[in-house]
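**Student:** Could you have a look at this structure, given as structure tokens, before my questions?
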Amino acid sequence: MRRNIKMPRILKINWIKGLSISVVFNNGESRIIDFEKVFKKLVIKNDSPIMILKNANEFAKVELK
């Protein structure tokens with residue numbers, strides 16, 4: 001019998017400071033995600049749309065849908 005593996009979903013954004021974001025997942029877990037570290041690991045071209053998110057003012061506009 002196969003088990004369904006479910007990925008936790010983000011329910012709420014607590015705060016955004018710089019490129020760090022604090023979130024609460026549907027399994028009750030609370031976590032701080034530092035996107036500065038994420039962006040350093042990714043190879044991003046200068047013309048990529050994700051470059052907009054490296055600007056802290058634009059990153060602060062993040063919202064859940």
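**Student:** I'd like the FRET efficiency for N46 and L11, computed as 1/(1 + (r/R0)^6) with the beta carbon distance as r and R0 of 35 Å, rounded to 0.05. If you can, show how the numbers build up before the last one.
**Tutor:** Details: r = 34 Å, r/R0 = 0.98.
That pair, N46 with L11, gives E of 0.55.
**Student:** For the chain, report the accessible area per residue in Å² (1.4 Å probe, heavy atoms, rounded to an integer). Write down the numbers at each step before the final one.
**Tutor:** Numbers: 5900 Å² over 65 residues.
Per-residue value: 91 Å².
**Student:** Tally up the carbon and sulfur contribution to the accessible surface of the chain as a whole percent, 1.4 Å probe, everything protein left in place. List each step's numbers first, then the result.
**Tutor:** On the way: 3180 of 5900 Å².
Taking all protein chains in place, the chain shows 54 percent carbon and sulfur surface.
**Student:** Given that just one value was derived from the coordinates, which of [x] 47, 27, 21; [y] 49, 14, 12; [z] 51, 16, 15 is Cα extents along the principal axes in Å?
**Tutor:** [x]
**Student:** Sort 46-52, 12-18 by the packing proxy (mean of other Cβ within 10 Å over each peptide's residues), most packed first.
**Tutor:** Values: 46-52: 9.0, 12-18: 12.0.
Listed from highest to lowest mean packing, they are 12-18, 46-52.
**Student:** If you put +1 on each Lys and Arg Cβ and -1 on each Asp and Glu Cβ, how big is the dipole of the chain around its Cα centre, in Debye rounded to 20?
**Tutor:** Working: 14 positive and 6 negative charges, 75 e Å.
Computed charge dipole of the chain: roughly 360 debye.
**Student:** What is the extension gain from V24 to K61, computed as 0.36 nm multiplied by their sequence separation minus the C-alpha to C-alpha distance, in nm to one decimal?
**Tutor:** Values: separation 37, 0.36 × 37 = 13.32 nm, distance 1.76 nm.
That works out to 11.6 nm of additional length.
**Student:** Can I ask one more? Could you work out [θ]222 nm for the chain from helices alone, using -39500 (n - 2.57) per DSSP H run of at least four and dividing by all its residues? Round to the nearest 500 deg cm²/dmol. All intermediate terms of the calculation are to be shown ahead of the outcome.
**Tutor:** Numbers: 2 runs with 11 residues, N = 65.
It lands at -3500 deg cm²/dmol.
The values are calculated or read from the model by the stated rules, or taken from the named source; none is laboratory data. Predicted, not measured: the structure shown is a model, and the values here were computed from it. FYI the Cβ positions are ideal-geometry reconstructions off the backbone, even for glycines, and counts take in every protein chain you see. Please note that ligands, DNA and RNA were not included when accessible areas were found on the heavy atoms of the full protein model with its side chains. Shrake-Rupley method; radii C 1.70, N 1.55, O 1.52, S 1.80 Å.
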